[in-house]
Structures are given as C-alpha cells and as structure tokens.
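All remarks here apply to the structure that follows.
The values are calculated or read from the model by the stated rules, or taken from the named source; none is laboratory data. Given the structure is predicted, the values throughout are model-derived calculations rather than measurements. Using ideal geometry, Cβ is built from the backbone for each residue, glycine included, and neighbour counts are taken over all protein chains shown. Heavy atoms of the whole protein, side chains included, go into the accessibility calculation; ligands, DNA and RNA do not. Shrake-Rupley method; radii C 1.70, N 1.55, O 1.52, S 1.80 Å.
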2 protein chains.
Amino acid sequence: MGTRPRDKEATKAILVEAVGKVLARDGFLRVGVNSVAREAGVDKVLIYRYFGGLTGLVREFSDSRKFWPGMEDIVGPDPQAFLAQPIHEMLSTGLINYARFIRNKPLSLAIIAWMLMESNELTRAFQDTRSGMFSGLMDKARSSQGPSEIDVGSLGNLLGAAVAFLALSMRFPENYHNELVDPKAWTDVENMIRVICSKVLCDGS
Amino acid sequence: MGTRPRDKEATKAILVEAVGKVLARDGFLRVGVNSVAREAGVDKVLIYRYFGGLTGLVREFSDSRKFWPGMEDIVGPDPQAFLAQPIHEMLSTGLINYARFIRNKPLSLAIIAWMLMESNELTRAFQDTRSGMFSGLMDKARSSQGPSEIDVGSLGNLLGAAVAFLALSMRFPENYHNELVDPKAWTDVENMIRVICSKVLCDGS
DNA sequence: ATCCAATGTCACCGCATGGTGACTTTGTCA
DNA sequence: TGACAAAGTCACCATGCGGTGACATTGGAT
C-alpha cells in the first residue's frame, strides 16, 4: 500500500493547512472539526489528539502564517526613506500599503470578517497575532509631529477602518453596489487617501 | 383554554417580529427555521405555509421595518437648512447623522454584517431595501459643486465605509482593541469627519 | 522475532438542523 | 347541526454537527 508513512508532524501540518483552505474557500462559517478533517483527508479525531480540539488547531494555524501586514509591508523596503517623508505621506503610503496587502488576501479578509462577526475562543486565537505594530508606527509618527495638530493615530484608524470595510465589501459586490472589483476603483481610493492625508495633515491651521 | 384566537395575520406578524428578535439577539448565524419558530412560539411549518420558506419570511421582515436611514435621518428635520449649508458641512453632517443612526441599532448592524459575510437568497432579501438614497443625495451635492473639484461621492463612500466598520467593530470590542464603546470616542470620530470634509472640500486647490 | 506505544481508522452517540406528511382543532357558512 | 376549509400541532425523516470509545496498523526498541 502506497500510504503515507506515519508522520505526526506532517499530519499536523496537513491539518493546519486545511484550516486555511476551508477558511479561504468557504469562509469561517464552514470551519469545523468535520470539514477541516475532511479537507485534510484525515480523521477528525486527530484534531482532538494533536491539538486538543479545534481551538488549538486554529491557534496553531494563526501562528503558522502571516495574515497581517508586518512592519516591512507597511513601510516598504526602505525604512529610512519611509521615515524621511513628511508625516502625511508616511500615513498615506502606510495606509495604501495596508490596503494593497489585504485586499487580495482571501485569508486575511476572512479573518477580519470572522473577528467582526463573533467573539469566541476561535476568534480569540487570532487576537494576539495582530501585533500592535500599526499603533506603534502611529506613535512613532506622532512623535515627529507638533503636539497641537490633528491626531495622526485617529486619522489612521478612521481611514484604516474604511480600507478594511471596502476590502470586505468587495467580496460580495452584489450585496454592496460597489465597483471595487475593478482595480481601477482602488486607485481612486488610494488617491482619495492621499488627498485626505495631505489636506488634513499639512494644510494650514 | 385561553389560547389565542386563530388569526393568520397575527401569527405572521409574530413570526416576522421573531426574525428581528433572533437577529438582534443572536446574530444572523442563528437565524433559521427552527430558531425563529421557537422564538415565535409557533410551529415552523407555518413559515413554509405562510411565507414559502425562510427566504420569504426574511423578505417580509426586510420590508416590515426601517433599518437604513431615510432621507430625513440623514438631512435632519429641516431639509432647507441642510441644503443651504456649504457642501463640506452637508457631507459631514450627513455622515455624522448616518453614524448616529446605525451605531446603536443592533438590527441594522446585524444586517450590515450579514451582507458583508455571505451572498445568498437571504441577504438578497435586504438588498432592495437599501435605497439609493445616499447616492442620490451625493448627486444632489455634486451638482452644487464645481466640476473639477474632489469627488464628493467618493469621499462620502470612503468615510461611510469607515463609519460602518467602526460601528461593526464596536460590537466585539475585545477583538478589535477599540474604545468606541465609550460614546466620547464617537465624538472624536465625528470631529475627525468634520475636519476631513472641511479640509478636503473647501481648502484651496 | 516480539512487544508496545504511537499513529491512524471506524463506528457510534446525542443533538440540532431544514423539511414534510398526517393529524387535530377551530371558525364559518349553509 | 353538519360540513369543510383554514389554522395550528405533532411526529418523523435525512443530514450534518461536535465528540468519544474501540479497533487496526505501523515502526522501533529490546
């Protein structure tokens, strides 16, 4: 029989990967013990034996990949150049990089949606992964700014929320009459972000 | 037996209301034939007999109430005064009214979330209800604007998306480390919206 | 070669779901 | 007073779920 050699670690890896497949293809609604095991072609009892249950498996899945943009995804390849920009350009390019990072990542979008829909031990498995990177970056940006100005962090949060919602709504364009399936619409969004950051952060007053 | 007199319309109304109760309390994940019938204290077969299935019931529910803000919710009690404002104030007050309308309406938030999560015959039942009111308002605003300026509609869409995401994320604050449970945080958001609309739409160039 | 723990499969349980047919009760109209 | 259709209840089905115990198979150490 050409069956796979018995390899616990390999099987665990298959299961972890199966979570991602189900999540990306069918959404978090379908992520369950049965569906994941079926996707992996493995008996579901191994989920309990190896991970103590679906929660443990999802947690391991959460650690296994990089769903959220890291510092380098946000600031780009040259951190020095990034930090040398005026603050409004730092924010807008950071936001645009964020948008570009998530908008074509079904897994990231699925997780964002999941965390938006319920709070249980499964979504809590993702919580820690969302590093405070973004807010840290905002603090850094804030420090290079006069104290009495518009709060860069608040503006970033607001526009980040907009980006996330637009990226999510793009998944079911027939529900939200939006045109973001067209990449050109995203360049309009990016331009709008640039205009906002520029006008809000560096114009007079 | 003090049982209710047999009244088809009353029973239908009870079922329609039960959809809203389940949706607001447990979210769309729990909206099903069994749970709704149980909530209504009525046999589920009546859902099939009276509405042809859950889809018909949800559609009737969708028509039964006002989940989305109407024109008067957005423009306020005095349309004349609203339209007399400069365009950036029209947009910001409209967005703020939108935010105030939805942010404490669990049903509206649940439906927005639902439409963000799946596209099926049930979510399609809500689709038509979302009147093109907002975009119509944007057109009106656009007409009172010079042709070469920033597009008010795009800005409104972006900030509307931000508002929607923030309102949704508020439902599970432990997932998104946000502070919007505190109403004061919303006044900050409103102020930020005002600043953005003002700086983007009326500052020079 | 033998033993044994680890690896993996299979069968089953209780429960909830969407869905349907057969039943009983009620109001109404002749 | 009956008859009858509408209103509502009940019992049931197949399916899928999370979860668990018992089984078979393998590889490695003695």
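Tabulated data for the structure shown
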read-out	value
Quotient of Cα Rg and 2.2 N^0.38 Å for the protein assembly as shown, N being how many residues it contains	1.10
Karplus (6.51, -1.76, 1.60) ³J(HN,Hα), θ = phi - 60°, over segment B:149-158, in Hz, Gly and Pro reported as x	7, 4, 6, 5, x, 5, 4, x, 4, 4
Shielding by partners, peptide B:175-181 (average Cβ within 10 angstrom, other chains)	4
Rounded accessible area of A:His88 (nearest 10 Å², 1.4 Å probe)	30
GNM result for chain A, Cα springs below 10 Å: residue of A:Ala164, A:Ala24, A:Ala81 fluctuating most strongly	A:Ala81
³J(HN,Hα) computed for each position of segment B:184-195 - Karplus, 6.51 cos²θ - 1.76 cosθ + 1.60, integer Hz, glycine/proline x	4, 4, 6, 5, 4, 4, 4, 4, 4, 4, 4, 4
Choice from B:Ile112, B:Ile14, B:Ile102 with maximal GNM fluctuation in chain B (Cα, 10 Å cutoff)	B:Ile14
Karplus-derived HN-Hα couplings along segment A:87-99 (A = 6.51, B = -1.76, C = 1.60, θ = phi - 60°), whole Hz, x at Gly and Pro	4, 5, 6, 4, 5, 5, 5, x, 5, 5, 5, 4, 4
Rounded accessible area of B:Asp26 (nearest 10 Å², 1.4 Å probe)	70
Helical mean residue ellipticity (222 nm; -39500 (n - 2.57) per DSSP H run of 4+; nearest 500) of the protein assembly as shown	-21000 deg cm²/dmol
Total accessible area lost when A and B pair, probe 1.4 Å, Å² to nearest 100	3900
Shape call, segment A:71-202: gyration tensor on alpha carbons, a/c limit 1.5	oblate
Relative contact order of chain B, pairs being alpha-carbon contacts under 8 Å that are 6 or more residues apart, as %	20
Per-residue mean of C-beta atoms belonging to partner chains within 10 Å, peptide B:192-199	5
Shape of segment A:1-109, Cα gyration tensor, a/c cut at 1.5	prolate
Solvent-accessible heavy-atom area per residue, rounded to whole Å², over the protein assembly as shown at 1.4 Å	49
Span from the segment A:46-103 Cα centroid across to the segment B:143-205 one, whole angstrom	24
Chain A: most fluctuating residue of A:Ala40, A:Ala84, A:Ala113 per GNM, C-alpha cutoff 10 Å	A:Ala84
Calculated on alpha-carbon atoms, Rg and Dmax of segment A:8-64 in Å	9.7, 28
Other protein chain Cβ atoms within 10 Å, averaged over every residue that makes up B:107-120	4
Within the accessible area of segment A:71-202 (1.4 Å probe), percent carbon and sulfur	55
Listed pairs A:Lys21/A:Lys66; A:Lys105/A:Lys199; A:Lys12/A:Lys44; A:Lys105/A:Lys184; A:Lys140/B:Lys199 exceeding 20 Å between Cα atoms	A:Lys105/A:Lys199; A:Lys140/B:Lys199
B:Trp68 accessible area, 1.4 Å probe, all protein chains in place, Å² to nearest 10	30
Pairwise FRET efficiency - B:Arg30 versus A:Ala24, Cβ, R0 = 30 Å, nearest 0.05	0.75
